[in-house]
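The values are calculated or read from the model by the stated rules, or taken from the named source; none is laboratory data. None of these values were measured; they are calculated from a predicted model. Methodologically, a virtual Cβ is constructed for each residue, glycine included, from the backbone with ideal geometry; neighbour enumeration extends over all protein chains shown. What goes into the accessible areas is simple: the full protein's heavy atoms, side chains included, and nothing from ligands, DNA or RNA. Shrake-Rupley method; radii C 1.70, N 1.55, O 1.52, S 1.80 Å.
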Amino acid sequence: MLAKVHSFVLQGIDAVKCEVEVDLASKIYDHPLIVGLADAAVRESLDRIRTALYNSGYQFPEQGVLINLAPADIKKEGSALELPITAGVLHAAKAITTDRHKKFLIAGELALDGSTRPIKGALSMAMLAAASGKEGVLLPPENAREAAVVPDLKVYAIDSVSTLVGFLNSVLDLEPTHVSDDEADPTTATYDVDFSDVRGQELAKRALTIAAAGRHNLLLLGPPGAGKTMLCQRLPTILPSLTRQEALETTRIYSACGILPKSISLMRTRPVRMPHHTASGPAMIGGGSIPRPGECSLAHHGVLFLDELPEFSRHVLEVLRQPLESGQVTIARAHSSVTFPARFMLVAAMNPSPSGRGTVDPRNASATDVVAMEKYMGRISGPLLDRIDIHLEVPAVTYRDLTSKVAGTSSETMRKQVERARLAQIRRFDAESTITNATMRTHQLKEHCKLNDACELLMKQAMEELGLSARAYDKVRKVARTIADLEGSRDIQPQNISEAIAYRLLDRRN
């Protein structure tokens, strides 16, 4: 008898339909066989399925069993196909007597005692089921809440082979899994850190407010203990709340990687990724024989924080250039290519020299310190620095600031400023609500960043004295546009240009 069960496989972070066909082909094969580009984990599943069935009170067919995983030209990996294969075997053996399974996508890993274990990509699977017109999905309990955030989809938690058989035979009633409205609403998210924790550094907070308002990339330079890491870790607290679509996109990346926290059904806060400086290129950008997302994609709609920037490999830093421009990563392999989203804010921090001493401004440093600083900063390429909109020196915190009883600017205050500026950008770009000042295209830059004569004069002087590149020229105008939005100004003013130029700190070293 031939049985067909619907499931899925992951290609990158996207779920692709996979049909599991099971045929009791006793006259053709004398042993179980899986075909359809299955990897080792899928082929080994037959032994787990046989044992799980035996321990659940069912018999694995003694005759040959042929299992086909279609489409046959897509690589199948992982353990998510064990539960649908089990359903197919039991249906072919008439232990499951209804066709109820056709209404669902089924996925899950099996333990030897017949219980189920969680899988990767449950959210992508649920989105595929909804798009395919399926009634619902059957998943391990650990994945049920994650899948339940997809609206108008019934999600049933299957904790064992016995539960699967009882449900599909309509002799066991299960309640669909639900999540509360608050749990699925990103706007209710809270953070346990606040900018008021940071003593002093009001100028740095101003720069971070500008960066958040326009989604500009940022580089902080200063001695150890100045608070650079504290500042960067609190950046998400002033960013606008994730939209539901952004939350779904971010969650499914973590789900596909199998690193979504168990207690979370939907990621409601913007991710902050802090890779160590020993991270490799594939770890940063993604890769592998079957491509997986890297840190760039895990920071999608959030912040990628690179502490001690010059300590990263030159190659690793250079691979960031393309996703910073396009907002996505494409990984090509001989058999296929996979594109991952990677729209993140790059926030970096570094000391002015390997010793941590000195200042970025060569006018205030000795000749020896200048040489050491130039060599240290030479590890970062000019094209990468051009893609960072704001360079800011963060001085050491003074004793007065450390002992002050007056609280600094809070995240709430900064966030209100950011939200007003973002609202101005939404109105400006109309339907293109994903566009911010930092991601303006050339025609938008010409239209929305027009400069009057006074501004043009300032820009001319900056170009001649600082030797700004064409990209840096555009960055200054974009940052100035954001500063004007924060001030509620329709047009860019000379003071906006002056402040934006002041944030090109490393250009002034040339």
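Quick one: in segment 277-287, which of the residues that are of a type in the set (Gly, Ala, Ser) and open to solvent by less than 40 Å² (accessible area, probe 1.4 Å) is modelled with the lowest pLDDT?
Our first condition is that a residue be of a type in the set (Gly, Ala, Ser); within segment 277-287, this holds for 279-281, 283, 286-287.
Filter once more, so that each one left must be open to solvent by less than 40 Å² (accessible area, probe 1.4 Å): 279, 281, 286-287.
Details: Ala279: 94, Gly281: 91, Gly286: 91, Gly287: 85.
Residue satisfying both the conditions and the ranking: Gly287.
Test Ala126 against the criterion of being within 28 Å of Ala342 (Cα to Cα) and at pLDDT below 95, and give yes or no.
On the way: within 28 Å of Ala342 (Cα to Cα): yes; at pLDDT below 95: no.
No, not satisfied.
Out of Ala25, Ala38, Ala52, report the one residue that is under 15 Å from His91 (Cα atoms) and in contact with a strand residue (DSSP E or B) (Cβ under 7 Å, 6 or more places away or on another chain).
Answer to the selection: Ala25.
I'm trying to understand the selection: among the residues of segment 252-270, which are assigned to a loop (DSSP other than H, G, I, E, B) and crowded, with 20+ Cβ neighbours inside 10 Å?
Across segment 252-270, the qualifying residues are Leu260, Ser265, Leu266, Met267, Arg268, Arg270.
Suppose we filter segment 129-154 for residues that are hydrophobic (A, V, I, L, M, F, W, C) and farther than 20 Å from Lys262 by Cα; how many remain?
Selection size over segment 129-154: 4.
Among residues belonging to segment 386-411 that are out of contact with any Asp or Glu (no Cβ under 8 Å at 6 or more places or on another chain) and not in a loop (DSSP other than H, G, I, E, B), point out the one that is most open to solvent (accessible area, probe 1.4 Å).
Arg400
Keeping to segment 47-57, report how many residues are out of contact with any Asp or Glu (no Cβ under 9 Å at 6 or more places or on another chain) and either buried (at least 18 other Cβ atoms within 10 Å of the Cβ) or within 30 Å of Glu249 (Cβ to Cβ) (or both).
So the count comes out to 2.
Asp453 fails exactly one of the following numbered conditions: (1) of a type outside the set (Ser, Thr, Tyr); (2) free of Cβ contacts under 8 Å to residues at least 60 places away in the same chain; (3) closer than 26 Å to Leu324 by Cα; (4) out of contact with any strand residue (DSSP E or B) (no Cβ under 9 Å at 6 or more places or on another chain). What is the number of that condition?
Among (1) of a type outside the set (Ser, Thr, Tyr); (2) free of Cβ contacts under 8 Å to residues at least 60 places away in the same chain; (3) closer than 26 Å to Leu324 by Cα; (4) out of contact with any strand residue (DSSP E or B) (no Cβ under 9 Å at 6 or more places or on another chain), the lone unmet condition for Asp453 is (3).
Tell me, please, whether a residue that is surrounded by fewer than 18 Cβ atoms within 10 Å (Cβ to Cβ), more than 22 Å from Thr51 (Cβ to Cβ) and among the polar types (S, T, N, Q) can be found in segment 136-157.
No, that holds for no residue.
Give the residue that is least open to solvent (accessible area, probe 1.4 Å), with candidates limited to residues of segment 166-195 that are under 27 Å from the mean Cα position of the chain (by Cα) and hydroxyl-bearing (Ser, Thr, Tyr).
Thr177
Are any of the residues in segment 74-82 farther than 14 Å from Ser7 by Cβ and open to solvent by 10 Å² or more (accessible area, probe 1.4 Å)?
Checking segment 74-82: at least one residue is farther than 14 Å from Ser7 by Cβ and open to solvent by 10 Å² or more (accessible area, probe 1.4 Å).
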